[in-house]
Amino acid sequence: MKAAIWCIGTLCISISLFAQATQPKTKRPAAHAVSASEVQALRDALAAQQLQMAQQHEEMEQLKSQLQQLLQSNAQSMASVQQVQTSTEQAQSVATRAQESATTAQEMAAKASSQASDTRSALAVVETKDKEEDKKLMALETLAGRFRFTGDVRVRGENFMQDASGFSDRNRARVRVRFGLDGKISDDFTGGVLLTSGSLGDSNSTNETLTNFFTRKSIGIDRAYVTYHPAALKWMSLTGGKFAYTWQRSPLTFDSDLNPEGFSQRFSFDMSTPVIKNFTVQAIQLLYNETTRGDDSFAVGGQVSSKLDFGFMASTPSFTLLNWRGVDALLNASAFAVQATSTTGGLPVPGEGPGCAAGSGLPTVPPCVFSPQGFTNATFTDTAGKVHFLSQFLYADFILNNRIKTPWERLPLNLTLEYENNLNAADHPVNNQGVVLTNLGRQSHAYAFDFSLGPNLLTDRTAPGRLQLGYGWWRQEQDSILASFAESEQRAPTNILENRIYVNYKLRPNTIFSYNFWIGRTLNSALQHSLLAPGLTAGEIEPYLRRMQFDILYSF
């Protein structure tokens, strides 16, 4: 600033001197004549003065330029000062705002810290709950993994044909539905439940005929069991409830759809000998009628079986003894048991079912005979008018099941041989008049064989396209087994000669097509309670009843 003031003062002095120099001279009185030298001197002085004035003018221009630059510089300085002042104010404002923001940020940080602490606490709670939920889910998944759903739906078309004068060909459609749940209750216990269609009064069939004006079909509990199979004792298996067969048997003694009730103890030992691979001993207790008065009805027995490996053939021989007690209860079943449609007084009883089994001299209203597919065992009536079995029943059943290798791996050969004898059968049978037929011996034997080529598609896990072809034959005398629990598809429960041709083909992994052709007749029509074609008299040979079945079975 001092340099600027000094420059301005110097400029003012210069301007004053220039003004004095350029001011016109006051006219003076005329003097003496001027000589040429004086004129020349005057010209020189004037030229010098003009030169000086030119120099001063140049200096003035320079001073003006410097002053201009100084003013511009001063203006720029003032602007810079103003900008600095403005920047300072802005900086102060920004600083103030920054301070406020910092304060706010500190407050927000404090809140955030508090919220973070709360969040961590909440997350800890959530994490704890998640872990608890995960544990519950894992426990549920583990529980669900222990069980599996099973079931199937079968649709059947079938017809009946017989060359008898009073017989009309019959055609019908049937459906079967089964849905089950089974699995491990714990490491040592397994259990299961199976719901099945079928009349509640028919223990031997799960089929429902498509009839009765579109009415709904019955569903009942067909299995409900628990098995104790300890991990530490793998050779032991104890089962109780209503369960699938735990012993080796065939339709010669029990219907395949029947699930017995009671208890079973199985002791199975695997072996490493070249031939004997397993040895099994089994005890059986079947409970089929409990009563508040009198004796209960049950069957007790056991089975011994083994698995043999001969290289080219695997065999499973078994021998079973089963003693039936209280069998007369089957001849005096309640209306509920047989699902009868009326009682003695004509009162209706709800439920569909086979009702009372018919036969010569047998009651037609409850209490009556329980035998869903007909009754063919021999009976007698005591002096009180009460019906009893002529024979008692102690099954002695030998089965030899063989699986033979063939050059075609997809077509193994299966051959089953069976012989069964009722050791407690009566010595002689009777006819419909109750006369003892002394010319005939004990009606206690049953013989059967079954031959098939290909895997059993109904039990083995096989790929689609597999085929099984088979033929079975059996001869079953009147009192060889209890008619009440016999195979439901054959001509009659007992006293029969039966043939079966069957074909199974796997269409899809869970779909099988089956064809069964049953050809059977009554073995001896002269015996009491024989099932005969219409118009046939006792003693005549019955024409074969032909029964064809076409099935589609879908499993899941």
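Any read-out appearing in this document is the output of simple, stated calculations on the displayed coordinates, not a laboratory observation. Keep in mind it's a predicted model, so treat the numbers as computed, not measured. Heads up, the Cβs are rebuilt from the backbone with ideal geometry, glycines too, and the neighbour counts pull from every protein chain shown.
By the count of other C-beta atoms within 10 Å, a proxy for reagent exposure, Trp235, Trp518 are ordered fewest to most as Trp235, Trp518. Would you mind checking region 215-238 for residues with the amide N under 18 Å from a putative spin-label position 7 Å along Cα→C-beta of Val153? Counting only backbone N, you get 215-220. For Lys242, give me every one of the aspartates and glutamates with a C-alpha distance below 16 angstrom, ignoring sequence neighbours fewer than eight places off in its own chain. Within reach: Asp182, Asp202, Asp222, Asp255, Asp257, Glu261, Glu290.
Can you work out the FRET efficiency for the pair Ser360 and Phe160, with r the C-beta to C-beta distance and R0 = 25 Å, to the nearest 0.05? For Ser360 and Phe160, the calculated efficiency is 0.60. The modelled label-to-label distance for the pair Asp188/Thr215, using points 7 Å beyond Cα in the direction of Cβ, is 4.8 nm. What residues from region 530-546 fall in the zone where the backbone N is under 17 Å from a label point 7 Å along the Cα-to-C-beta line of Arg170? The answer is 530-536, 543-546.
The eigenvalues of the Cα gyration tensor, multiplied by 5 and square-rooted, give region 142-555 an equivalent ellipsoid with semi-axes of 34, 25, 25 Å from largest to smallest. Multiplying the residue separation of Ile541 and Val304 by 0.36 nm and removing their Cα-Cα distance gives an extension gain of 81.4 nm. Summarising the label geometry, the points placed 7 Å from Cα in the beta-carbon direction at Arg325 and Arg146 lie 3.6 nm from one another.
Taking R0 as 35 Å, what FRET efficiency do you get between Glu100 and Thr128 from their Cβ-Cβ distance, rounded to the nearest 0.05? Result of the calculation: an efficiency of 0.30.
The alpha-carbon of Lys405 sits under 12 angstrom from the alpha-carbons of these aspartates and glutamates, leaving out residues fewer than 8 places away in its chain: Asp309. Each of Leu390, Leu362 was scored by other Cβ atoms within 10 Å of its Cβ. Listed from fewest to most, they are Leu362, Leu390. Between the beta carbons of Ala224 and Ser121, assuming R0 = 45 Å, the FRET efficiency works out to 0.35 to the nearest 0.05. Estimated at 0.36 nm per residue, the fully extended path between Met271 and Arg293 surpasses their Cα-Cα distance by 3.1 nm.
You can think of it this way: the chain between Lys136 and Ala526 has 133.5 nm of extra reach, that is 0.36 nm per residue less the Cα-Cα gap.
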